[in-house]
Amino acid sequence: MSPRPLRSRNARVSAAMLPRQSTMVPRTSKKSTSIVCMSASVGFGRVSDPGTPWPCLYCTTKTRRFPWQGLAYLIKSVRPETLIRHKREVMVPRRHLPPLRLLSAFEAVVRTGGMQSAATQLNVTQPAISQALRSLEEHVGTRLLDRGKRPAALTEAGRILLHAVSGGLDQIESAIGKIRVQEQERRNVVTIACTVCTGMYWLMPRLAAFYARHPEIVVQVVPTSGTPRFAAETDLLIRYGAGNWPDGRCERLFDERLVPVCSPGILERIGPGNFAKATLLHVEADEDLSPGWDEYFDATDLPHARQGDLSFGDHVQATQAALAGLGVMLGWIANTADLVREERLAVFHDRAVIPGGAYYLVSPPQGADKPAAALLAAHLQAG
């Protein structure tokens, strides 16, 4: 015979809240058998493995029978919203905490010295503060303030709770502050990727003026050996080419041209344009966009005669060799214009070659989503 549910004046179990069957229902399969506690039918629990008595989460007894007494107690005292689903679909109680607004009101009353001051600070009415304190005391089960004194003093229970609440609110405030600082730092950090040579000889000199105007912004330069590409953290790119890349929005910075340059000492020793006595510095680049000396001589109809050749793996090494007086380099204005202006390099021959490409500032397809990135883009586009 099926057990009957307990009924009392304080707890009544309606038919809609009870399971359809009043006994444990075995669920069989080819591999295993599980028995579901009927309290699971109303969302209170589940047991498995019928071979071992399962401790009921609510009536605290090991049983293979449906815990009607525990179910009646639950229906009486536990609201469904106080339960959350846990592993193996077992329902476990949430932390038995009062609403945060009650704790905030209590802390504000003690900190400000009165209900009216707390109400003003929290932008609520004084009756709302009084009601919050009464609700908190009902939740705790004892008085937190001795209202027989003027001003009201903390009881022993109030002192215990105030210590915990104040510490908890301080930690929450500190955590929110750290999150805001991190978010502000994230918004004020701009990551821009470009080739090593472009970053060293064109971008870096322009960052000094940008930092002077915007000292709160940090620019992270990511050097690349080939064409820069977007990564998850990249805000801007500087690329050389035709400006038709599909992965971003392109804004032209300047057109490129190539002109022979050397150190002032070389120019004085062998004379301008005297390629027959010059050692030519070559860059062995893998990119088709880097024309060499043969292309330059063909485009300018100059003789190919020279004294010797030195080869380097990238434009940075070749530029440093030219600065050291090792020979004449075919200089890109992006890398050598500032050096010529500073008279650290000199133009060896005034015939220039236009390779046909330009330097572009590339932003993500949706545009620069950071105000700091937009400021840096405007600064670079202004020259």
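The values are calculated or read from the model by the stated rules, or taken from the named source; none is laboratory data. All of these numbers come straight from a predicted model, not from anything done at the bench. As a convention, Cβ positions derive from the backbone with ideal geometry for all residues, glycine included, and neighbour counts pool all protein chains shown.
Quick notes
- Scan of segment 238-249 for residues that are assigned to a loop (DSSP other than H, G, I, E, B) and surrounded by 20 or more Cβ atoms within 10 Å (Cβ to Cβ), ordered by number: Gly248
- Test: residue in segment 191-207 that is over 26 Å from Tyr240 (Cβ atoms) and either in a helix (DSSP H, G or I) or at pLDDT below 90 (or both): no
- Among residues of segment 290-326, those that are touching a helix residue (DSSP H, G or I) at 6+ places or on another chain (Cβ under 6 Å) and within 18 Å of Arg269 (Cβ to Cβ), counted: 4
- So Ser225, is it out of contact with any Asp or Glu (no Cβ under 8 Å at 6 or more places or on another chain), under 30 Å from Leu323 (Cβ atoms) and among the hydroxyl-bearing types (Ser, Thr, Tyr): no
- Take the conditions (1) within 30 Å of Leu237 (Cα to Cα); (2) in contact with a Pro (Cβ under 7 Å, 6 or more places away or on another chain); Val189 misses just one of them, which is (2).
- Of all residues in segment 255-265, those satisfying the criterion of being at pLDDT 90 or above and either over 20 Å from Arg344 (Cα atoms) or part of a helix (DSSP H, G or I) (or both) are Pro264, Gly265.
- The numbered conditions (1) touching a residue at least 60 places away in the same chain (Cβ under 8 Å); (2) outside the structural domain of Arg341 (by TED's automatic domain parsing); (3) over 24 Å from Ala372 (Cα atoms) are all true for Met200 except (3).
- Residue within segment 284-298 that is surrounded by 13 or more Cβ atoms within 10 Å (Cβ to Cβ), without any contact (Cβ under 8 Å) to a residue 40 or more places away in the chain and not in a loop (DSSP other than H, G, I, E, B) present: yes
- Hits in segment 299-325 - residues which are small (Gly, Ala, Ser) and in a helix (DSSP H, G or I): Ala299, Ala318, Ala321, Ala322
- Test set (1) aliphatic (A, V, I, L, M); (2) closer than 21 Å to Met204 by Cβ; (3) free of Cβ contacts under 8 Å to residues at least 40 places away in the same chain - Ala334 fails condition number: (3)
- Flag for Phe210 being of a type outside the set (Ser, Thr, Tyr), touching a Pro at 6+ places or on another chain (Cβ under 7 Å), assigned by TED's automatic domain parsing to the domain that holds Pro371 and crowded, with 16+ Cβ neighbours inside 10 Å: no
- Filter result (under 19 Å from Asn188 (Cα atoms), in a loop (DSSP other than H, G, I, E, B) and among the β-branched types (Val, Ile, Thr)) within segment 215-237: Ile217, Thr234
- Among (1) touching a helix residue (DSSP H, G or I) at 6+ places or on another chain (Cβ under 7 Å); (2) free of Cβ contacts under 8 Å to residues at least 12 places away in the same chain, the one test that Arg180 misses: (1)
- Some residue of segment 140-153 being in a helix (DSSP H, G or I), over 20 Å from Ala119 (Cβ atoms), touching a residue at least 12 places away in the same chain (Cβ under 8 Å) and under 42 Å from the mean Cα position of the chain (by Cα): yes
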